[in-house]
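J.: Attaching a single structure in C-alpha cells format; questions to follow.
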Amino acid sequence: MLAFGLFALTFVTASSGPASSHDFTVGSLEIKHPWSQKAPAVAPVLGGYLTIVNTGTTDDRLLGGSSPVAERFEIHVSSVIDGVARMRPVKDGITISAGSTVKLEPRAMHIMFEKPTWYPAEGEKFKATLQFEKAGPVEVEFVVQKGATANSEDHAGHTP
C-alpha cells in the first residue's frame, strides 16, 4: 500500500508541474520554452518568445501578463508594410484555438517587456505570469539565451 501511495504521489507531481525543465502545463495548455535574448542595459524593452499548444477541445486566449523584470507586459505583432517594419500592440489578446499551436517569435507576434527594471544575463531566468481567459494565471520562467532563431526549439542555450 505504501509503495502504491508513493507511486501515485510521484505520478501526480510529475503530471501537474512543468512538462520538462523548461516547459509548463496548465489544463490543456502547454507553454513550451519561454525565452528572451540578452538586451543591452539601455534597451527600453525585452522581447519574450514561446510556443503555446492547446491540446484541449475549447479555445483559450492569452490576454496579457506581468513580470517583475519590467514595468509593463504587452503582446505585440510585427509586420512589414510597403517595405517598412512596423510593430503594434495586440489589443484583444491571442486566441489559441482548440487543437492548435501558436508561436510567439522574433519578427512576428511576441511579448514585449517594456521599461525593464532588470537586464538578465545570458543563462539567467526571470519569472513572468501569463494571463489566460479560461486557464487563468500561469507562472513561467523565461531563459535568456544567445543566438536563438524564430524556429529554435533548442534547449541547449540554457541551464536547467
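J.: Would you confirm, using the coordinates I've provided, whether Gly17 is modelled with pLDDT of 95 or more and either surrounded by 11 or more Cβ atoms within 10 Å (Cβ to Cβ) or within 23 Å of Phe126 (Cβ to Cβ) (or both)?
T.: Numbers: modelled with pLDDT of 95 or more: no; either surrounded by 11 or more Cβ atoms within 10 Å (Cβ to Cβ) or within 23 Å of Phe126 (Cβ to Cβ) (or both): yes.
No.
J.: Another question, if that's okay. Just one of the numbered conditions (1) within 19 Å of Val77 (Cα to Cα); (2) hydroxyl-bearing (Ser, Thr, Tyr); (3) modelled with pLDDT of 95 or more is not true of Thr129; which one?
T.: (1)
J.: All but one of (1) hydrophobic (A, V, I, L, M, F, W, C); (2) modelled with pLDDT of 95 or more; (3) over 20 Å from the mean Cα position of the chain (by Cα) hold for Trp35, so report the exception by its number.
T.: Result: Trp35 fails condition (3) only.
J.: Output the number of residues of segment 38-59 satisfying the condition of being in a strand (DSSP E or B) and open to solvent by 10 Å² or more (accessible area, probe 1.4 Å). If you could, list the steps in order and put the result at the bottom.
T.: Initial filter on segment 38-59 (in a strand (DSSP E or B)): 45-54.
With the extra rule that they be open to solvent by 10 Å² or more (accessible area, probe 1.4 Å), the set shrinks to 45, 47, 49, 51, 53.
So the answer is 5.
J.: Let me ask something additional. Scan segment 71-125 residue by residue and report those that are under 16 Å from the mean Cα position of the chain (by Cα) and of a type in the set (D, E, K, R).
T.: The answer is Arg72, Glu74, Lys103, Glu105, Arg107, Glu114, Glu124, Lys125.
The values are calculated or read from the model by the stated rules, or taken from the named source; none is laboratory data. Predicted, not measured: the structure shown is a model, and the values here were computed from it. Cβ sites come from the backbone with ideal geometry, for glycine too, and all protein chains shown count toward neighbours. Keep in mind that these areas ignore ligands, DNA and RNA; they rest on the heavy atoms of the full protein, side chains included. Shrake-Rupley method; radii C 1.70, N 1.55, O 1.52, S 1.80 Å.
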